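Just so it is clear, none of the values below were taken in a lab; they were calculated from the coordinates. Just so you know, these numbers come straight off a predicted model, no measurement behind them. For neighbour counting, all protein chains shown are included, and Cβ atoms are generated from backbone atoms with ideal geometry for every residue, glycine included.
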Amino acid sequence: MTLPRPSVLALGLALLALVLPALTRAVALVDGSFLAIKDCPAWDSKLEQTNPGTVFLAPGKVYPVAEVDFPEAPTAYRLRIEAANPKYRWVSADCGEYPPKSDPAEIIAKYIESKAVKVELNCPAPPPKPDACRTCGPSDSFVLALNWQPGLCQADAKKSVDRPECSAADPGAFHARNFTFRELRPVRAKCKKQVGFCGAVDREPKQLADYPPVELSEQARQDLLRIMPLAASDSGLERQAWHRYGTCTGLPEEAYFKAAGDLVQQFNGSGLAEFMAAHLNQRIKREDFFKEVERIFGADARKRITLDCSADAKVLTGVNVSLAGEAGPGADLRRLLKKGPRAWVAGNCGSRIVIAAVGQDSPPTDAAPADDAEAKAAKKRARDKQKAKEKKAKAAKPKSKSNGAKSRGDDSNDTAPVIF
């Protein structure tokens with residue numbers, strides 16, 4: 001049966017009335033905060049679920065919210081993640097709370113507890129006369145050694161030309177905006193020298209690639225490549241980390257690198273990766289870095305962290321974190337740092353350090369020191385207070401007509417573009 005033309009038109013309008021509200025409600029700009037409760041991936045495209053830089057939420061961290069897909073029944077939120085590139089990322093609604101309801105400290109504790117794995121130390125029988133510094137077993141403490149990869153590339157530009165992590169100028173790559181793993185070194189108080197070479201390899205070979213390969217499952221290797229991009233260039237550094245230091249811990253190979261990955265994730269997720277991303281290609285005061293460390297980890301944290309720099313002491317290349325001797329898979333970085341001994345190796349950085357950026361050829365600019373920023377903020381508050389007083393006094397006077405346009409207090413263009 002053929003419907004009369006008016007009936008067809010009415011049916012079309014009725015369908016449009018049903019569909020149009022859903023389309024208009026698909027994405028809405030919102031304000032507020034999102035408390036992460038899971039380490040979910042953060043997508044730059046919700047539909048394609050692409051994740052440049054392999055960005056994950058840090059459980060217990062609060063993120064600014066820019067958009068929601070369906071306000072009445074949200075399935076995803078678009079957050080601003082400072083350490084990511086691009087910064088605006090979509091995450092599933094079940095990855096956190098909007099608005100936050102839980103205590104972030106409790107979220108962190110539960111997350112770390114869920115990641116904790118009880119691993120029995122598996123050391124071979126010691127020789128008749130063991131060397132305490134070359135024998136597998138418990139350690140008094142550990143040093144988590146991290147690289148700032150752009151700084152390493154800049155500090156040794158000639159050798160870094162052919163390395164993929166240096167030649168690929170992708171500002172969204174994980175190693176471009178996060179600290180990466182170098183090694184987890186065991187420390188024993190009775191050893192005047194470093195603990196090392198507790199397995200079949202008893203000395204440093206001529207080339208790092210001459211170390212025996214590290215036996216890892218495919219998933220464990222992919223996880224390692226994320227936190228240690230140098231492993232992708234056949235540098236042999238992952239082999240050195242295991243055979244020189246990992247064999248002394250008593251942890252199996254995968255457990256050793258899993259413990260390292262958990263600690264690296266917590267270090268970056270603490271807010272330090274965001275601090276670094278905010279100062280890319282800038283020259284900052286070394287003291288400002290340590291102020292951020294103390295803000296995040298507490299007043300004594302700087303005593304357990306040292307910085308590595310280039311030969312001229314100008315470019316930051318790495319960080320060393322002194323931890324208590326319980327650094328297994330799922331260990332709590334904050335607790336280990338608080339209980340850890342003071343750093344026994346001095347840093348070599350000057351009073352001002354450059355935070356190198358991937359693919360950046362222009363000279364670094366000087367960042368405003370934290371003290372200067374606070375002083376500027378105080379001056380701004382004083383100016384705003386004075387303006388408010390003048391405005392109040394002016395309002396008390398008789399109003400005069402004016403055709404001038406009123407100025408807006410907010411910037412209507414300072415919103416994230418809608419991206420699906």
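Gain on full extension, evaluated as 0.36 nm per residue between D94 and D131 minus their Cα-Cα distance, stands at 8.1 nm. Placing unit charges on the Cβ atoms of the charged side chains and taking the dipole of segment 130-366 about its Cα centre, the candidate lying farthest along the positive direction among V319, A301, L208 is A301. Once you have the Kirkwood Rh of segment 130-366 from its Cα pairs, apply Stokes-Einstein at 20 °C and 1.002 mPa s and quote D in µm²/s. It comes out at roughly 118 µm²/s.
Taking θ as phi - 60° and the Karplus parameters 6.51, -1.76 and 1.60, the scalar couplings of segment 336-343 work out to 5, 5, 5, 8, x, x, 5, 4 Hz in sequence order, x denoting glycine and proline. Legend: P(r) of segment 25-115 from all alpha carbon pair distances, 10 Å bins from 0, whole percents, reading 18, 51, 27, 3. Annotation: amide H-H contacts under 5 Å for F34 (H modelled 1.01 Å from N, sequence separation of 5 or more, or interchain): Y63, V65. Here the average projected area of the convex hull drawn through the C-alpha atoms of segment 170-269 stands at 7.3 nm². Excluding F297 itself, what net charge comes from residues whose Cβ is under 11 Å from its Cβ, given Lys and Arg +1 and Asp and Glu -1? The answer is +4. Here the Karplus curve 6.51 cos²θ - 1.76 cosθ + 1.60, taken at θ = phi - 60°, turns the phi angles of segment 88-102 into couplings of 7, 9, 8, 9, 5, 4, 7, 7, x, 10, 9, x, x, 10, 8 Hz, with x standing for Gly and Pro. Which shape class applies to segment 215-271: rounded if a/c is under 1.5, otherwise prolate when a/b exceeds b/c and oblate if not, where a ≥ b ≥ c are the square roots of the Cα gyration tensor eigenvalues? Oblate is the answer for segment 215-271, as a/c is 1.5 or above yet b/c matches or exceeds a/b. Going by Cα centres, segment 264-307 and segment 41-98 are how many Å apart? Distance between centres, Cα-based: 24 Å. Relative to its Kirkwood radius, the Cα radius of gyration of segment 275-333 gives an Rg/Rh of 1.01.
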